[in-house]
Amino acid sequence: MFSRKQISPPNTPLEEEKDKYYYSKYKETQFSLNNPNLKFGSLVFIFLSSWLLLLLFWFPPKTTNNVAVLHLAHETQNPETINLTAAAATKSPFKVPTCDPSVAVYVYPLPPKFNAGLLSHCKTLNVYTDMCPHVANRGLGQPLPKLGSAASWFATHQFIAEMIFHARVENHPCRTLDPARAALFYVPFYGGLHASSMFKEANLTARDELAVDLVDHLQAQPWWGRNSGRDHFISLGRTAWDFMRATDGPDFGANSLLNLPAVKNMSVLTVERHPWQGSNQHGIPYPSYFHPSTWQEMLTWQNKVREMKRPNLFSFIGGPRKGLEKAAIRNEFIRQCGESTRCLLMNCGPSGASKCHEPSEVLKVMTESTFCLQAPGDSFTRRSTFDSVLAGCIPVFFSPHTAYTQYKWFLPEEVKTYSVYIDEKSPASRKIEEELLKISGEKVKAMREKLVDLIPSLTYAHPNATDVGFGDAVDVALASLANHVSKMMN
């Protein structure tokens, strides 16, 4: 839906060296064939030359590739063919979105206290960690040159999608500066960052104050009244549970943003929607580590993923959880994986937690595995699902709410084309290896190809890029939201 002009393809971060061939010229030697020594020498020369040509034909010399793939401990099967495929292309092979009036989006110029002003207190934006390194580079975080180009790979925080979304929409070709022409009104509130800074605030009025101020501000705007906010939307980098404080039950630190009547009129884009009370909520991907600026970078990475060797049948990255049900399934996965010679376990308990926060270590495990177990985390969803897709590791789900009911705008309706589902309460969940071995190699290949096709639409392109040449997560969200709002209004 969004048209963009093409730009000259820059060098990709994984550009490989081409072999250099050197040729030498030989002067013709004059000699007489009447000389028997020359006759014999000529025959020997012809025989040896023929034998050498035969050897070269059957055993061609191998080229070398010194480019490290993602700083991982394995090679691709045919890296030369992969990079030449990307380099040879002069036009994007992806479906490039185009803009039409139904996707014209206006970005509200909110007072700084609702977004940029919060960043001045980045050290206290999360009660558990210093967020200053993570809000850098417009929410992408710190560059990761070990993984490839420092302009495309970042240690992106899992709960930062709202910042990246804002940065992308500000630079989006479908943005309009004239609210009279807008079909969508984007409210760039950094609600997730604010919520995580207030988790331990005991005063509920103080915890809800900024959300209430936001609604008051919006309802005072002339464009809100046009459709009572039904054409307005916000994006949130945390789960819906963090904004839906219940009147009864334990207090987990949530505020009441999504319970406010005005916000219920809006569309809410969130990394995890409420499966039963989220009728106006729509799931968007957690951000992973790859933020390309060009379609050439995307194509190169897709080709790398296709060819990666995967010595492990399956893997699990995670640690124990508190709570009877969560603890039971996590402990079962850790047990099964630890006892299997076909499983690679990265235990995120106290002894292995540091590796679990290293993107290069996480992607190394996933790119060496055929299947990646996706156990529910503190809530139904987990960022690991999107890391898995990026790595071409087929996700194995144990709850439909980890992905299937969450990301309907982004994932195929036929879930078996890209994932495996094992009911966590079924006998099959106690013999995961046996279940995975039942899947044929041909089926695995088809599922991985489907995953590779999904990578662009689940990736957040670099916010500074304009003509990326593929539809990223923000493109998909805007097009799907425009369609949803249009149907709702009509």
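For segment 355-490, carbon and sulfur atoms together expose 49% of the accessible surface, with a 1.4 angstrom probe and every protein chain in place.
Using the Cβ-Cβ distance between SER354 and LYS309 with R0 set to 25 Å, the FRET efficiency works out to roughly 0.45. Exceedance of the 20 Å cut-off in Cα-Cα distance is limited, within the set LYS425/LYS445; LYS355/LYS450; LYS304/LYS438; LYS123/LYS200; LYS416/LYS438; LYS322/LYS408, to LYS425/LYS445; LYS355/LYS450; LYS304/LYS438; LYS322/LYS408.
Could you order the peptides 145-156, 370-381 from most to least packed, using the average number of other C-beta atoms within 10 Å per residue? Intermediate values should be presented prior to the final figure.
Working: 145-156: 20.2, 370-381: 22.1.
By packing density, highest mean first, the sequence is 370-381, 145-156.
Taking 0.36 nm per residue of separation and subtracting the current Cα-Cα distance, fully stretching the chain between ASN483 and THR205 would add 96.4 nm.
Leaving out ligands, DNA and RNA, what percent of the accessible area of segment 119-254 is carbon and sulfur, probe 1.4 Å? The partial results should precede the final answer.
Numbers: 3090 of 5750 Å².
Here carbon and sulfur together make up 54 percent of the probe-accessible area.
Calculated accessible area for segment 295-369 comes out at 45 Å² per residue, all protein chains present (probe 1.4 Å; ligands, DNA, RNA ignored).
The trypsin sites (Lys or Arg not before Pro) found in segment 399-479 that occupy coil by DSSP, while having at most 16 further C-beta atoms within 10 Å, are LYS408, LYS425, LYS431, LYS438. With R₀ fixed at 60 Å, the C-beta to C-beta distance from LYS416 to ALA220 puts the FRET efficiency at about 0.75. When each of the peptides 301-309, 127-135, 328-336 is scored by the mean number of other C-beta atoms lying within 10 Å of its residues, the order from highest to lowest reads 301-309, 328-336, 127-135.
The values are calculated or read from the model by the stated rules, or taken from the named source; none is laboratory data. In this text the structure is predicted, and so the values were computed from the model without any measurement. Using ideal geometry, Cβ is built from the backbone for each residue, glycine included, and neighbour counts are taken over all protein chains shown. Areas reflect the complete protein model, heavy atoms only, side chains present, ligands, DNA and RNA absent. Shrake-Rupley method; radii C 1.70, N 1.55, O 1.52, S 1.80 Å.
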